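Participant: Submitted below is the structure of interest, expressed as structure tokens.
The values are calculated or read from the model by the stated rules, or taken from the named source; none is laboratory data. This structure is a prediction, so every number in the text was calculated from the model and none was measured. Cβ placement follows ideal geometry from the backbone for every residue including glycine, while neighbour counts extend to all protein chains displayed. The accessibility values were calculated without ligands, DNA or RNA, using every heavy atom of the protein model including side chains. Shrake-Rupley method; radii C 1.70, N 1.55, O 1.52, S 1.80 Å.
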Amino acid sequence: MKFFVDTAEIDAIAELNDLGMVDGVTTNPSLIMKSGRDILEVTKEICDLVDGPVSAEVVATEAEAMIAEGRKLAEIAENITVKVPLTWDGLKTCKTLSDEGRMVNVTLCFSANQALIAAKAGATFISPFIGRLDDINLDGCDLIEDIRTIYDNFGFETQVLAASIRTVNHVTECARIGADVITAPPEVIKKLAAHPLTDKGLEAFMADWAKTGQTIL
Ligand code: E4P
């Protein structure tokens with residue numbers, strides 16, 4: 001399973017990238033706003049840092065303007081993935097840009113039928129939002145499972161990019177189900193390494209080691 005990092009914060013991406021944890025990056029208008037950076041500048045910096053796909057989202061809502069924005073974003077770097085919302089105009093944009101050979105991430109997916117139609121429109125990635133479904137008392141991971149089954153039934157090549165990941169358990173579930181990619185905030189990726197028994201065990205080892213009076217170096 002590939003790890004994308006869901007942020008536009010350069011330092012956080014660089015730290016994880018140095019550890020080989022970053023197979024790609026996803027951004028959205030809210031994350032760009034949070035970074036306080038210019039979209040074209042910060043996206044270029046991310047693309048220079050990371051080899052894998054970097055999603056940059058269009059903000060127009062009508063196909064013609066979305067396509068123009070998508071083409072402009074795609075000029076930033078070879079590894080740009082144009083991100084479009086799952087609307088009818090977004091699907092038109094997806095079809096046009098994917099026919100031009102560009103990678104497209106169709107975002108804001110909340111149903112299996114939306115995922116099906118995005119695959120038909122040539123999406124490279126489909127982004128079902130797990131956390132936002134959980135927020136309204138639905139099970140976001142059930143949607144990942146449904147999409148996995150449907151794509152496998154028909155051999156769709158669109159990659160399932162599980163998004164809106166809020167907890168480490170979301171990551172476990174996505175790996176179990178067979179999502180192709182998860183995109184998670186840096187803090188969730190870092191939490192994957194944490195376990196209270198690791199901390200407790202290390203504390204005990206350190207206490208015993210101090211009693212030996214030894215040093216290694
Ligand atoms: C995905 O591409 C989105 O940027 C992101 O995962 C949304 O997450 P949120 O629901 O926590 O805002």
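The rows are residues; the columns are (1) of a type in the set (D, E, K, R); (2) more than 16 Å from the ligand (Cβ to nearest atom); (3) at pLDDT below 95.
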site: Glu64; (1), (2), (3): yes, yes, no
site: Ala68; (1), (2), (3): no, yes, no
site: Val82; (1), (2), (3): no, no, no
site: Arg102; (1), (2), (3): yes, yes, no
site: Leu108; (1), (2), (3): no, no, no
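Participant: Taking Ala118 as meeting all but one of (1) part of a helix (DSSP H, G or I); (2) under 29 Å from Ile10 (Cβ atoms); (3) open to solvent by less than 40 Å² (accessible area, probe 1.4 Å), write down the number of the exception.
Facilitator: (2)
Participant: Hey, another quick one. Of the numbered conditions (1) loosely packed, with under 12 Cβ neighbours inside 10 Å; (2) more than 25 Å from Gly122 (Cβ to Cβ), Phe154 fails exactly one; give the number of that condition.
Facilitator: Checking Phe154 against (1) loosely packed, with under 12 Cβ neighbours inside 10 Å; (2) more than 25 Å from Gly122 (Cβ to Cβ), the one that fails is (2).
Participant: Same structure, new question: Any residue at all in region 200-213 that's surrounded by 14 or more Cβ atoms within 10 Å (Cβ to Cβ), over 18 Å from Asp6 (Cα atoms) and of a type outside the set (A, V, I, L, M, F, W, C)?
Facilitator: no
Participant: Has region 55-65 got at least one residue that is open to solvent by less than 20 Å² (accessible area, probe 1.4 Å), touching a Phe, Trp or Tyr at 6+ places or on another chain (Cβ under 9 Å) and not in a helix (DSSP H, G or I)?
Facilitator: Yes, the conditions are met somewhere in region 55-65.
Participant: Answer yes if at least one residue in region 135-143 is surrounded by 12 or more Cβ atoms within 10 Å (Cβ to Cβ) and within 13 Å of the ligand (Cβ to nearest atom), and no otherwise. Talk me through it step by step, then tell me what you get.
Facilitator: At the first step, the residues of region 135-143 found to be surrounded by 12 or more Cβ atoms within 10 Å (Cβ to Cβ) are 135, 138-143.
Those left that are additionally within 13 Å of the ligand (Cβ to nearest atom): 135, 140.
Within region 135-143, one or more residues are surrounded by 12 or more Cβ atoms within 10 Å (Cβ to Cβ) and within 13 Å of the ligand (Cβ to nearest atom).
Quick grid of which residues meet (1) closer than 27 Å to Val82 by Cβ; (2) more than 15 Å from the chain's Cα centre (by Cα); (3) touching a residue at least 24 places away in the same chain (Cβ under 8 Å):
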site: Phe125; (1), (2), (3): yes, no, yes
site: Ile136; (1), (2), (3): no, yes, no
site: Asp139; (1), (2), (3): no, yes, no
site: Asp142; (1), (2), (3): no, yes, no
site: Ile147; (1), (2), (3): yes, yes, yes
site: Ile150; (1), (2), (3): yes, yes, yes
site: Arg176; (1), (2), (3): no, yes, no
site: Ala179; (1), (2), (3): yes, no, yes
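Participant: Now for a separate question. Are any residues in region 164-192 closer than 15 Å to Asp139 by Cβ and either buried (at least 23 other Cβ atoms within 10 Å of the Cβ) or within 13 Å of the ligand (Cβ to nearest atom) (or both), and if so, which ones?
Facilitator: As a first pass, look at region 164-192 and keep what is closer than 15 Å to Asp139 by Cβ: 164-167, 169-170, 172-174, 176-177, 179.
Result: Ser164, Ile165, Arg166, Thr167, His170, Cys174, Ala179.
Participant: Another one. Cβ-Cβ below 8 Å, separation at least six or inter-chain, first residue in region 22-39 and under 17 Å from Gly52 (Cβ atoms), second in a strand (DSSP E or B) and open to solvent by 70 Å² or more (accessible area, probe 1.4 Å): which pairs?
Facilitator: Asp23/Lys2; Gly24/Lys2
Participant: Considering region 12-27 alone, what residues qualify as being open to solvent by 30 Å² or more (accessible area, probe 1.4 Å) and either closer than 17 Å to Ile182 by Cα or part of a loop (DSSP other than H, G, I, E, B) (or both)?
Facilitator: Across region 12-27, the qualifying residues are Asn17, Leu19, Gly20, Met21, Asp23.
Participant: State the number of residues belonging to region 116-131 that are more than 14 Å from the ligand (Cβ to nearest atom), over 20 Å from Ala65 (Cβ atoms) and hydrophobic (A, V, I, L, M, F, W, C).
Facilitator: 3
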